[in-house]
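The values are calculated or read from the model by the stated rules, or taken from the named source; none is laboratory data. Only a predicted model underlies this, so the values are computations on that prediction, with no experimental measurement involved. So basically every Cβ, Gly included, is an ideal-geometry build from the backbone, and we count neighbours across all protein chains shown. Quick note on the areas: whole protein, heavy atoms, side chains included, nothing else; ligands and nucleic acids left out. Shrake-Rupley method; radii C 1.70, N 1.55, O 1.52, S 1.80 Å.
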Amino acid sequence: YYLPPFLRKTSGRIISLVKNHNFSLLGQSLCQANVIESFAFMRSMIKDYGQETILEGETLSIKDLFTQRSKLFSQLDDVSRVCRLDAAYYLADDILQKVDVASMSVGLEARVPILDHRVVEFAMSLPMKHKLHRGQSKYLLKKVLSRYVPPRLFERPKGGFTLPLREWFRGELKEMIQDELSPSRVRDFGYLKPEGVKRLLDLHLSGQRETHPMLWLLMS
C-alpha cells in the first residue's frame, strides 16, 4: 500500500525468485496492477492455478468483480475500498455465514455486537491513520481495549478454527476425495474441467503443492 507501483512490482519480481510457494504467491500479489487487484488475488481461492484450466464456460473472475464494484466508491483511498469489498463479500458470504450455520445447527443465538450498524458506520468514517497506524492494523480498537484488558489478550496472532484438511486428504479421507473428484464425477457435474481438477488432486497427493483449500471448495 505504501510502496509506489514501480517499486512494488520490482519487489514482487524479486520475491518470486525464492523457491517457495508462499513467497511466489506474495510476489505475484505485489506484481498486480493496483491494490484492488492485489487484494482480489489474495482473496481468490484459485490464485495461480488458472481459472481457465478448472472452470468450464465463461466466468467472471474475482479480479474483474472487485474492479467493477470498487468503482462505486472510487472517491475513497485504496485501503478503505478494500475494507468495503471485504465487508460486502468475505464478511457476509464467508465469516458470518459460518457463524450462522454453526450456531443454528445447535440452536444457539449468536450475536456480533461489533457489527452493530452504528459501530460499522463510525469505523467506516474514520481517517486511515486510525485504521492502519505505522503498519499496525486495528489500531484504534486496540487502544480502546487496552483500557479494559491486558495487552497479552489482544497483542497476539489470531487463533482460527481451521480443519486439518491437508492431512485428511492425504490420509483417512484420501479415497473419499479421489472418488468425489474422479474424472467421471467431475464430467457429470458439468461446470468443471476433469483434467484441471485431476491436476490439483495429483499436486496435493504427491506433496508438490498444498491445494487442499481448492479441493475442499470443489468437493463442496
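Of everything in the range 58-94 that is modelled with pLDDT of 90 or more and β-branched (V, I, T), the residue that is nearest to V35 (Cα to Cα) is V82.
For beta carbons closer than 6 Å, sequence separation of 6+ or different chains, a first residue in the range 1-28 that is over 22 Å from M128 (Cβ atoms) and part of a helix (DSSP H, G or I) and a second that is open to solvent by 70 Å² or more (accessible area, probe 1.4 Å) and among the aromatic types (F, W, Y), the qualifying pairs are I15/F23. F23 meets each of the listed conditions (1) open to solvent by 50 Å² or more (accessible area, probe 1.4 Å); (2) more than 22 Å from L200 (Cα to Cα) apart from (2). Among the residues here, R69 does not qualify as surrounded by 14 or more Cβ atoms within 10 Å (Cβ to Cβ) and in contact (Cβ under 8 Å) with a residue 40 or more places away in the chain. Restricting the range 162-191 to residues that are of a type outside the set (G, A, S) and modelled with pLDDT under 90, the residue that is nearest to L25 (Cα to Cα) is T162. The set of residues from the range 35-50 being at negative phi, in a helix (DSSP H, G or I) and surrounded by 16 or more Cβ atoms within 10 Å (Cβ to Cβ) comprises V35, I36, E37, S38, F39, A40, F41, R43, Y49. Note on the range 103-133: residues that are open to solvent by less than 60 Å² (accessible area, probe 1.4 Å) and either acidic (D, E) or more than 26 Å from F66 (Cα to Cα) (or both) total 3. Of the listed requirements (1) among the polar types (S, T, N, Q); (2) closer than 30 Å to L3 by Cβ; (3) surrounded by 10 or more Cβ atoms within 10 Å (Cβ to Cβ), Q97 misses just one: (2). State all residues of the range 114-163 that are under 22 Å from the mean Cα position of the chain (by Cα) and among the basic types (K, R); if no residue qualifies, say none. Listed by number, the residues that qualify are K131, K138, R156, K158. Among the conditions (1) part of a helix (DSSP H, G or I); (2) over 23 Å from the mean Cα position of the chain (by Cα); (3) surrounded by fewer than 16 Cβ atoms within 10 Å (Cβ to Cβ), the only one that V186 does not satisfy is (3).
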